[in-house]
Each structure stands twice: as structure tokens, then as C-alpha cells.
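The values are calculated or read from the model by the stated rules, or taken from the named source; none is laboratory data. It should be emphasised that the depicted structure is a prediction, and the values quoted were computed from it without experimental measurement. Cβ sites come from the backbone with ideal geometry, for glycine too, and all protein chains shown count toward neighbours. Accessible surface areas use protein heavy atoms only, side chains included; no ligands, DNA or RNA. Shrake-Rupley method; radii C 1.70, N 1.55, O 1.52, S 1.80 Å.
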Amino acid sequence: TGHVPFDTIRVYRGRRALDRYLADGEPPIVFRAPPNLRCDGFRAAATQVCRALGRRGVFLDMNAEDEGTHGPLWVQRYVPLTVLAPHAMLGVHYGGLGTCVAFAEAGRPAVVVPTHLDQFENAHALTSRGAAVTLPWRRVTARRLIAAAERAMECAGPAEEAGRRLRQETGAETAAIQIRESADRIAAAAI
């Protein structure tokens, strides 16, 4: 029945600086660190990915102590993904539902690095549609992340198609029609 984004708040620290950063070059690779894990190694791997691919990146980490530019990365604690994902060339994230939907709806391919729970299923849903590559968190190394990012960039076509379909989704209308049809069937059967 569709998905309602949880990050509709458009106010966040550093917005003007980030807007300038995004406007100042090619679309970045956006890395979204898992909020429940220490991510120093992931940030180091993200830096290596950007350097190896000749790209710049945005690294979102709710636990970051130092925001701003650090080598090829713009580091920030929070940016609504519904704002940032459309500016990305690729998303590298842990596979939370909201994060998956933000990148999928924007039509951006992804490397999903699931850590636990439903994230593996979310990664499978994107991968099975050709819109992502999955690399489990416990297997993340810079070398593997670079290879996964290169493969994921080849998913741009299927990711854009998935995004187009998601943007056309009329979840609330579809749900209302199905509820009404079910109610009509139940009422007809009771007569």
C-alpha cells in the first residue's frame, strides 16, 4: 500500500553548506552508517571507495563527532534521505526500510550492507529486482566494498525503473479500493 517516509522534517544543521557541496560537483556516493554500531572502519572503507572510484561522497553517521569535509567525504550526522537520495549517484547503506525506500524511490542503485533483522529481507527485495548489490556487514572490507560499488553502478537502469514504479504507487487509493471490495464481498455473502 505504499510507504510514508519518516524523515519529512526538512530542517537540519548544515543545510546551506551541504547544498553548496552537492551543487559543486558530480553526484556523490551516499553512505549511511548503521545508527546502532560503531562505524570508524566503515568510514575508512567509504573513504577508500571514493578514492578508488574517483568520486566524492557524503557519509551520514548519527554518532559522528566531526562534521564537514574530510578527504573525499562530506560527513554529517543527519540529512533527510528523501532530500539527499535524489542527489546521489549510488547509496551504500545498512538496509533499513526507510533508507531502502528513499534510495529506491529516487531511482538510485545501492550497495546494501545489512546488519540484522529485516535488513537482510530488504536487501534481498532490492537485489532480486536488479536495483542493488548485497554485502553483509560482517564481510565489509574496503576491497569488497569497492567491488560491490562497481557492480551496483551497473544497476542504474533497473534502479531507475524500480524508482519510476514506486513513484507511481498509489498505496492509499489501492488500499481503500481493496478494503471496499472486501467489505462488499462480506456484505454480499451475509445476505
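For the chain, modelled as a Gaussian network with Cα springs under 10 Å, which listed residue fluctuates most, Leu166, Leu81, Leu73? Result for the chain, Cα springs under 10 Å: Leu166 fluctuates most. Taking all protein chains together and rolling a 1.4 Å probe, Trp74 ends up with roughly 30 Å² accessible. Once the Cα-Cα distance is subtracted from the 0.36 nm per residue extended length, the His124 to Ala147 segment shows a gain of 6.5 nm. Centroid-to-centroid, using Cα positions, region 17-35 and region 37-113 are 7 Å apart. Among beta bridges identified by DSSP and lying wholly in the chain, the antiparallel ones come to about 15 percent.
Size descriptor for the chain, Kirkwood hydrodynamic radius: 17.4 Å (Cα pairs only, one decimal). When the surface is traced with a 1.4 Å probe over the full set of protein chains, Val140 keeps roughly 40 Å² accessible.
Report the charge-dipole magnitude of region 10-99 in Debye, nearest 20, computed about the Cα centre from +1 at each Lys and Arg Cβ and -1 at each Asp and Glu Cβ. Charge dipole, region 10-99, about its Cα centre: 140 debye, nearest 20. Dividing the summed helix terms, -39500 (n - 2.57) for each DSSP H run of n ≥ 4, by the number of residues in the chain produces a 222 nm estimate of -14500 deg cm²/dmol to the nearest 500.
Grab the Cα-Cα distance for Thr115 and Arg167, subtract it from 0.36 nm times how many residues apart they are, and report the gain in nm with one decimal. Mind showing how you got there, number by number?
Values: separation 52, 0.36 × 52 = 18.72 nm, distance 2.75 nm.
Residue separation times 0.36 nm, minus the Cα-Cα distance, leaves 16.0 nm.
Taking the Cα centre of the chain as origin and assigning +1 to Lys and Arg Cβ atoms and -1 to Asp and Glu Cβ atoms, the resulting dipole is close to 440 debye. Computed over region 40-137, the quotient of the alpha carbon radius of gyration and 2.2 N^0.38 Å is 1.03. Heavy-atom surface analysis with a 1.4 Å probe gives region 31-126 a carbon and sulfur content of 53 percent of its accessible area.
Taking the Kirkwood radius as Rh and the Cα radius of gyration as Rg, region 85-191 has a ratio of Rg/Rh equal to 1.18.
Computed over protein heavy atoms with a 1.4 Å probe, the accessible surface of region 64-172 works out to 45 Å² per residue.
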